[in-house]
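The values are calculated or read from the model by the stated rules, or taken from the named source; none is laboratory data. Just so it is clear, the structure is predicted and the values come from calculations on it, not from any experiment. Cβ: placed from backbone, ideal geometry, glycine included. Neighbour counts: every protein chain shown.
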Amino acid sequence: MANRLTSGLLVLLTSHFSLLAAQTSSSQSDFERLQDSLAGVTDTVPLRALFRDSDDPVRAGVIGIRLGELGADPDFSEAVGRFRRATRQHSEEAAPWFGLGQAKAKRSEWEMRDMLRLGSRVGLGTLEQASDAYRRALAIDPTYGAAAIALGQVDLSLLDTTRLRTARDLLRRTIASLSEAPRELLLVWGRVERASGSLRVAASAFERFLASGGNPALGLLELGRCRLALGEASGDAPYYEGAALDDAETVAEYRADLQVIAPDSILHEFDSLRGQRRAAFLHRFWTDRDHYDLRPEGERLREHYRRLQFARTHFPLTVSRRFYGPQDAFRSGSVEVDDRGIIYIRQGQPAERLRPFIFGAMPNESWRYNRAEGDLLLHFSSGYDAHGGGDLYDYRLVQSVLDLRGAEDAPRDQLILSRQSLSPIYSHMLNWGRFGSANEAERERHIGATSIAVGTTTDSHELQFRRRLGAVADLIAIGQSARGGLGHFVFGIVAAGTTWQRSSSGIQYPVRVRLVALDRHDRAVATLDTSLVIRHDRPLDEKEFLVGRVELPLPPGRWSYRAAIQEGDSGGVLLPRDTVLVAHSGELAPALSDIALGSPGRAVPWKTETGDTVLLAPSALFREKSQVEIYYEVRGARTGTGYRHQIAVLRPGLKAEDQRPLVALSFEELAAGPVIRSRRVVRIDRLTRGSYIVEVRVTGPEGQQQVRRRLIHIIGE
């Protein structure tokens, strides 16, 4: 039975080839029909016989590709040989070149799978040869759509920007030559345009893809990617619309874009969602990042796709294999961008980027990021040395400038001098003597290791300002709002370098404040972006402070918060993250508010619910030999009940049993109502410059205590 089936198949294919022989042997339609007819054949015996008996090298090459796919010729050498003969016999026909490109592409796949082949660029040379063959086919016949699609796909996988630009020009010519371009060609054309940097043309290509009836989910995502990378808000709608469509191929694309910055927990949640819930999840994911970074909604999403576009263009990983050793500080596993690309996608444009040439060292770079919680210092090195490494086109993170590939063969002082602008630590490493330099070198390595950990596990779009302001601020929770609590963001800006405007009412200093309170998942519970004008009767001296206040209604609870202060067009500061505790309403038990502190001249007034004026100041604006006004509230007190109040000024960092108040004040007070509003004056004229803790204790009739503390800094005049 098996022999009869094999013979029947042989007769059928022979008959089919005879019909094709009457036509032009290398025509595109013949080529495609022959491939289609062989797609269902799985018996290699008749195929091998047909391969041997075929006089037409093109048809033999097509059969050879099928034999290779079935494992009878795993390296596709026979297919490559027949198509090479065809290109010599029919050099001015497109089909032989297209066939050679297919055979070479298949051979490249086989080479990449062969783990016995050594090197980081295994298979890429053969894939480049496939690309060259497709180009030759298109040069002969610009209307050859299959060759254009194949060329685009191969060059997209090669990640070579020079090749991509050439492919883009050929695909444009093909599109212009066709009265109606196939959908698959429109899709590949758009992707090549985007990869080569022509984002607006790419967007037009994807619009045509959608209009032609192409996959709507995929078309919407691709269109959104282009518009978002251009920084256009019009990219939001197609991005979220495509996310709501349950197309498996497109969902995988969304996930891939998300995976470069999202932790596994986020990806697991993404995988569990469908339809509109998936789109809502993505909207929340990006909006949470906007709030965290004090940005307008939608900005983080657009920045993400701008970064992806930049990283893929400037930091492509043009190798097929990455080998890691014990000295590698980070293993991304990426096959698309090197470690510079990973950091760029997560952290954005560095504040400073150095690319020095150092004799003996492999090509290297160092980046510095300005961060409110501490700068990041990141070093990248390509190449290899005795301790490991990779390819000259594969930049990898190292912990220290002394770990750069080839550093042992380079002058140590030149390595360190080349990084002096990044941080003072490099001057210390060079000039502090034997033991001091060693300690600083160890500290530099620790900073590098920490920077790698932060840079590769977090993502950020922190506000950056060309001119850094000197500023201090606190978020003080006291008083009531419709949401339960009221936060007072009180700040002081050093007047040096600020800009002012003269008006009929005096001198005006315009200030912008951005503030967000976050829960333990870093989701916003309250946000504020407002501008105010601080007025004075004269321009302030350089050492004086602009003091201001804005209000942020807050629900009860403990929140972290981030804040930025901007003065003028270019001056500003992003403050380190801090926490605030908002007391509850006191309905279940008495609740002690935050502590309001202020000194006349360096504070701003706030009117309470009862019309009293309270002074509020940041913790760092208290002067020597001054007095401090203290105000706090106890809500939920029992009317007519006595409460004991204790106010103390303490030194920070001491154990409770070692604490001896530097200033102390205690008194008892009957609650005149459900809210006790206590206001006192404490003299600090005997305290020298430094940091202190102001502590308030309120003891109820049953002995229960509420304690609040606030750190203050006393400074000179």
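Numbers for the structure displayed
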read-out: Residues of the range 230-258 satisfying the condition of being surrounded by 15 or more Cβ atoms within 10 Å (Cβ to Cβ), of a type outside the set (F, W, Y) and part of a helix (DSSP H, G or I); value: G235, D236, P238, E241, G242, A243, T250, V251, E253, D257, L258
read-out: The range 688-717: number of residues that are under 16 Å from G636 (Cα atoms) and surrounded by 14 or more Cβ atoms within 10 Å (Cβ to Cβ); value: 5
read-out: Residue in the range 28-51 that is in contact with a His (Cβ under 9 Å, 6 or more places away or on another chain), modelled with pLDDT of 90 or more and in the same structural domain as H90 (by TED's automatic domain parsing) present; value: no
read-out: Residue list for the range 339-389, restricted to those being of a type in the set (S, T, Y) and closer than 21 Å to P316 by Cβ; value: Y344, S366, S381, S382, Y384
read-out: Matching residues, the range 202-218, being among the aliphatic types (A, V, I, L, M) and surrounded by 18 or more Cβ atoms within 10 Å (Cβ to Cβ); value: A202, A203, A205, L210, A217, L218
read-out: Residue match in the range 137-145 (condition: out of contact with any Ser or Thr (no Cβ under 6 Å at 6 or more places or on another chain), charged (D, E, K, R) and more than 17 Å from R82 (Cβ to Cβ)); value: yes
read-out: Filtered residue count, the range 645-665, keeping only those that are outside any loop (DSSP other than H, G, I, E, B) and exposed (fewer than 12 other Cβ atoms within 10 Å of the Cβ); value: 3
read-out: Near pairs, Cβ below 8 angstrom, 6+ apart or cross-chain, from the range 636-651 (touching a residue at least 12 places away in the same chain (Cβ under 8 Å)) to any residue that is of a type in the set (F, W, Y) and buried (at least 20 other Cβ atoms within 10 Å of the Cβ); value: A637/Y643; V649/Y692; L650/Y692; R651/Y692
read-out: Test result for A195, outside the structural domain of M112 (by TED's automatic domain parsing), within 28 Å of the chain's Cα centre (by Cα) and in contact (Cβ under 8 Å) with a residue 12 or more places away in the chain; value: yes
read-out: Breaking point among (1) more than 30 Å from G703 (Cα to Cα); (2) touching a Ser or Thr at 6+ places or on another chain (Cβ under 7 Å), for A583; value: (1)
read-out: L267 vs. criteria over 16 Å from A233 (Cα atoms), in contact with a strand residue (DSSP E or B) (Cβ under 6 Å, 6 or more places away or on another chain) and at pLDDT 95 or above; value: no
read-out: Test: Q102 is at pLDDT below 75 and under 49 Å from the mean Cα position of the chain (by Cα); value: no
read-out: Residue tally, condition within 23 Å of V580 (Cα to Cα) and either surrounded by fewer than 20 Cβ atoms within 10 Å (Cβ to Cβ) or among the aromatic types (F, W, Y) (or both), over the range 620-634; value: 5
read-out: Options I140, I175: the member that is under 21 Å from E32 (Cα atoms), touching a residue at least 40 places away in the same chain (Cβ under 8 Å) and aliphatic (A, V, I, L, M); value: I140
read-out: Unmet criterion (only one of (1) charged (D, E, K, R); (2) assigned to a helix (DSSP H, G or I); (3) out of contact with any Ser or Thr (no Cβ under 8 Å at 6 or more places or on another chain)) for R227; value: (3)
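Residue-wise test of (1) within 18 Å of Q347 (Cβ to Cβ); (2) touching a helix residue (DSSP H, G or I) at 6+ places or on another chain (Cβ under 7 Å); (3) basic (K, R); (4) in contact (Cβ under 8 Å) with a residue 60 or more places away in the chain.
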position: Y254; (1), (2), (3), (4): no, yes, no, no
position: D264; (1), (2), (3), (4): no, no, no, no
position: H268; (1), (2), (3), (4): no, no, no, no
position: F281; (1), (2), (3), (4): no, yes, no, no
position: R295; (1), (2), (3), (4): yes, no, yes, yes
position: E299; (1), (2), (3), (4): yes, yes, no, yes
position: R307; (1), (2), (3), (4): yes, yes, yes, no
position: H314; (1), (2), (3), (4): yes, no, no, no
position: R322; (1), (2), (3), (4): no, no, yes, yes
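Condition check ((1) modelled with pLDDT of 90 or more; (2) among the polar types (S, T, N, Q); (3) in contact with a Lys or Arg (Cβ under 6 Å, 6 or more places away or on another chain); (4) under 30 Å from G374 (Cβ atoms)) across all residues:
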residue	(1), (2), (3), (4)
F465	yes, no, no, yes
A471	yes, no, no, yes
L475	yes, no, no, yes
Q480	yes, yes, no, no
F489	yes, no, no, yes
I493	yes, no, no, yes
S503	no, yes, no, no
R512	yes, no, no, yes
L518	yes, no, no, yes
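Okay, residues lined up against (1) touching a residue at least 60 places away in the same chain (Cβ under 8 Å); (2) surrounded by 21 or more Cβ atoms within 10 Å (Cβ to Cβ):
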{"position": "G348", "(1), (2)": "yes, no"}
{"position": "R353", "(1), (2)": "no, no"}
{"position": "F359", "(1), (2)": "no, no"}
{"position": "W367", "(1), (2)": "no, yes"}
{"position": "L378", "(1), (2)": "yes, yes"}
{"position": "A386", "(1), (2)": "no, no"}
